[in-house]
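The values are calculated or read from the model by the stated rules, or taken from the named source; none is laboratory data. From a predicted model like this one, the values you see are computed outputs, not experimental measurements. Positions of Cβ are generated from backbone atoms using ideal geometry, with glycine treated the same way; all protein chains shown enter the neighbour counts.
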């Protein structure tokens, strides 16, 4: 087992091609978005700690027909990427997972940010799905913006390009944040494996 936690961060370049990413953004811009909120277990409530600087999100229950098709395509493609990640670890004891969530799309306008956090997802596991997230997935749909950098490992800027897919463990050892956008609009999606 590798003791360097950066070893368990995985990037698949060009997971989605440039045209597909552009088509996704064109469809996403037609949707009604809402402000991102954080769930806090201690208070059992949702809040937007960055106020107006929270990004906008598009949850599965808000998907139009075309966004549902995008979600289905990405979900199907994710299987092979997750398998590549898991098999690359070469752990005899970790070789499968139970499933992964529908996409949550995120849009950041100038000034919007995602505070430093780890992915201890609550709302995904309140109903029929039982488990905990074991892997976090971030997909990048564009790179024609400034700022909005992904920071991990306290101060390491993770370079991302349009179409990239990132996978890493969903636990307290992998806090991450998105710095404020300074120019343009950033589009991404997230999912969690359990």
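Computed values, structure above
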item	result
Any chance residue 161 is farther than 18 Å from residue 10 by Cβ, surrounded by fewer than 16 Cβ atoms within 10 Å (Cβ to Cβ) and touching a residue at least 24 places away in the same chain (Cβ under 8 Å)	no
Test for residue 90: is it surrounded by fewer than 14 Cβ atoms within 10 Å (Cβ to Cβ) and more than 25 Å from residue 132 (Cβ to Cβ)	no
Scan of segment 1-21 for residues that are within 22 Å of residue 165 (Cβ to Cβ), touching a residue at least 60 places away in the same chain (Cβ under 8 Å) and either in a loop (DSSP other than H, G, I, E, B) or more than 18 Å from the chain's Cα centre (by Cα) (or both), ordered by number	5, 9, 13, 14, 15, 16, 17, 18
Residues being more than 23 Å from residue 165 (Cα to Cα) and either surrounded by fewer than 12 Cβ atoms within 10 Å (Cβ to Cβ) or modelled with pLDDT of 95 or more (or both) - total across segment 50-60	2
Residues located in segment 93-124, provided they are at pLDDT below 90 and more than 17 Å from the chain's Cα centre (by Cα)	94, 95, 96, 97, 98
Residues of segment 22-45 satisfying the condition of being touching a strand residue (DSSP E or B) at 6+ places or on another chain (Cβ under 8 Å) and surrounded by 13 or more Cβ atoms within 10 Å (Cβ to Cβ)	24, 25, 28, 31, 33, 35, 36, 37, 38, 39
Inter-residue pairs, beta-carbon under 7 Å, first closer than 29 Å to residue 29 by Cα and in segment 39-57, second part of a loop (DSSP other than H, G, I, E, B) and modelled with pLDDT under 80, 6+ apart	39/122; 54/48
Tabulated pairs, segment 59-84, first without any contact (Cβ under 8 Å) to a residue 40 or more places away in the chain, second part of a helix (DSSP H, G or I), C-beta under 6 angstrom, 6+ apart or interchain	66/27
Residue within segment 34-49 that is at pLDDT 90 or above and either within 30 Å of residue 2 (Cα to Cα) or in contact with a helix residue (DSSP H, G or I) (Cβ under 7 Å, 6 or more places away or on another chain) (or both) present	no
Some residue of segment 180-189 being under 13 Å from the mean Cα position of the chain (by Cα), surrounded by 19 or more Cβ atoms within 10 Å (Cβ to Cβ) and under 22 Å from residue 8 (Cα atoms)	yes
